[in-house]
1. Looking only at the stretch 94-118, count how many residues are away from the ligand (no atom under 16 Å from the Cβ) and either farther than 15 Å from residue 259 by Cβ or not assigned by TED's automatic domain parsing to the domain that holds residue 194 (or both).
2. Residue by residue through the stretch 315-334, note down the ones that are outside any helix (DSSP H, G or I) and either open to solvent by 60 Å² or more (accessible area, probe 1.4 Å) or touching a Lys or Arg at 6+ places or on another chain (Cβ under 6 Å) (or both).
3. What's the number of the only condition in (1) within 24 Å of residue 315 (Cα to Cα); (2) part of a helix (DSSP H, G or I) that residue 282 fails to meet?
4. Looking at residue 140, is it among the polar types (S, T, N, Q), closer than 20 Å to residue 288 by Cα, surrounded by fewer than 24 Cβ atoms within 10 Å (Cβ to Cβ) and within 16 Å of the ligand (Cβ to nearest atom)?
5. Restricting to the stretch 229-285, what's the tally of residues that are buried (at least 24 other Cβ atoms within 10 Å of the Cβ) and of a type in the set (Lys, Arg)?
6. Given (1) out of contact with any strand residue (DSSP E or B) (no Cβ under 6 Å at 6 or more places or on another chain); (2) within 16 Å of the ligand (Cβ to nearest atom); (3) open to solvent by 30 Å² or more (accessible area, probe 1.4 Å); (4) under 30 Å from residue 299 (Cα atoms), identify the lone condition not met by residue 208.
7. Against the condition of a type in the set (Asp, Glu) and closer than 18 Å to residue 241 by Cα, how does residue 335 come out, does it pass?
Amino acid sequence: MTAVPSHLDSSSKAAAFRALDDQYSAHNYHPLPVVIAEASGAWMTDVDGRRHLDFLAGYSALNFGHGHPALVAAATEQLGRVTLTSRAFHHDQLGPFCQELAELTGTDRVLPMNSGAEAVESAIKIARKWAYQVKGVPENQAEIIVAGSNFHGRTTTIVSFSTDPDARNEFGPFTPGFRITEYGDAAAVEAAINERTAAVLVEPIQGEAGVVVPPADYLPRLRRLCDEHGALLIADEIQSGLARTGELLASAHDGIRADLYTLGKALGGGILPVSAVVGRDDVIGVLQPGQHGSTFGGNPLACAVGRAVIRLLSTGEFQERSRELGAHMHARLGELVGRGALEVRGRGLWAGVEIAPGGPTGRQASEALLERGVLCKETQDTTLRLAPPLVISREDLDTGLDAITEVLAR
Ligand SMILES: *Cc1c(COP(=O)(O)O)cnc(C)c1O
């Protein structure tokens, strides 16, 4: 008889924790059957003492790995000073955080929020107010053009323009004012854009959809269409930004600048939720006191951690690691195409591996990788999404890629 793997052994500590989750936490996730107790760098240790390589990095929230010393030091230091003032008062972290983030991203102004969905909601509100005040769209008629298969978060307004039935069904009635076009199809945007268009909202690379990279002329054509029609281009870089693709912002690969960017995930260093809308002064400048806000947005602890993240990003070291390790990862994954993989997509240390028909499902592949001590997660039914922390060593990256090869190669 073969030994029962530790994560499935009902006598293990993990089983007890999984049972508690199952009984008391809402069933809105279907996690792999592993229970993490601690983590450092690219490694996580489960409650039974088994070590696993992290090939997901919290969907890119952990670009700098678990417990990066500079981020933990910044958080610890700020914990002992002041953590929350609310925006009723100024504090000494907000101005420097906004200045440093604006300088890093080459933008003018920053609206700090918490979760990614809040940043997207905020960008939508800004774009609508800008359309009424600046573009002169008649009140309540502003439209925002979005892409099919998008993922921008889970709020009621955001799921209103999702094309994923799970994300959307039975959560209506939905917020109007969005037009959905096929991702990658600039002609569809050209057909949809008009004098009521406030903005085009798009992910430069679609993460949840399976790390989908659009045609090279897509974003440049959207940029031109927005310029011609006086609409804003909003790039949702919550997952693609902050070094994940080898550039600070993934839209730089396409040589374009957006009017607004939404940032999140890695902005909080994997320590706490920090998000922001960054962009043009004359656009974010439409917000006046009382028109938008957040109790925790821009709090001193978030700003202190965000500033440490900005310092890490300002050297370019992580962008370069993503480029170099990413080239290696894509070269190795490329060997699987036609041998278990249909297609490998992505940029930098970020890949969507489309599993060939007849192979395991994405879920089965993730479970087989868990057996081998590599943690990643499927997206869609047949795609493995790989996003190791950018601090991973080349040796550990190869260990994970060996396991992926074992699981997929045919
Ligand atoms: C994760 C994500 C969001 C939502 O962020 P949350 O912090 O989960 O609300 C929005 N847009 C993109 C592109 C994302 O990847």
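The values are calculated or read from the model by the stated rules, or taken from the named source; none is laboratory data. Every value quoted in this text rests on a predicted model; they were computed, and no experiment measured them. Note: ideal-geometry Cβ built from the backbone for every residue, glycine included; neighbour counts use all protein chains shown. With ligands, DNA and RNA removed, areas are computed over all heavy atoms of the protein, side chains included. Shrake-Rupley method; radii C 1.70, N 1.55, O 1.52, S 1.80 Å.
1. Of the residues in the stretch 94-118, 10 are away from the ligand (no atom under 16 Å from the Cβ) and either farther than 15 Å from residue 259 by Cβ or not assigned by TED's automatic domain parsing to the domain that holds residue 194 (or both).
2. So in the stretch 315-334, the residues outside any helix (DSSP H, G or I) come out as 315-316.
315 - this is the single residue of the stretch 315-334 that is outside any helix (DSSP H, G or I) and either open to solvent by 60 Å² or more (accessible area, probe 1.4 Å) or touching a Lys or Arg at 6+ places or on another chain (Cβ under 6 Å) (or both).
3. Single failed check for residue 282: (1).
4. Considered against the rule, which asks whether it is among the polar types (S, T, N, Q), closer than 20 Å to residue 288 by Cα, surrounded by fewer than 24 Cβ atoms within 10 Å (Cβ to Cβ) and within 16 Å of the ligand (Cβ to nearest atom), residue 140 comes out as no.
5. Final tally of qualifying residues: 2.
6. So residue 208 meets the others, but not (1).
7. Details: of a type in the set (Asp, Glu): yes; closer than 18 Å to residue 241 by Cα: no.
Against the criterion (of a type in the set (Asp, Glu) and closer than 18 Å to residue 241 by Cα), residue 335 does not qualify.
Residues checked against (1) at pLDDT 95 or above; (2) under 24 Å from residue 268 (Cα atoms); (3) touching a strand residue (DSSP E or B) at 6+ places or on another chain (Cβ under 7 Å):
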| site | (1), (2), (3) |
| --- | --- |
| 4 | no, no, no |
| 21 | yes, no, no |
| 31 | yes, yes, no |
| 35 | yes, yes, yes |
| 68 | yes, yes, no |
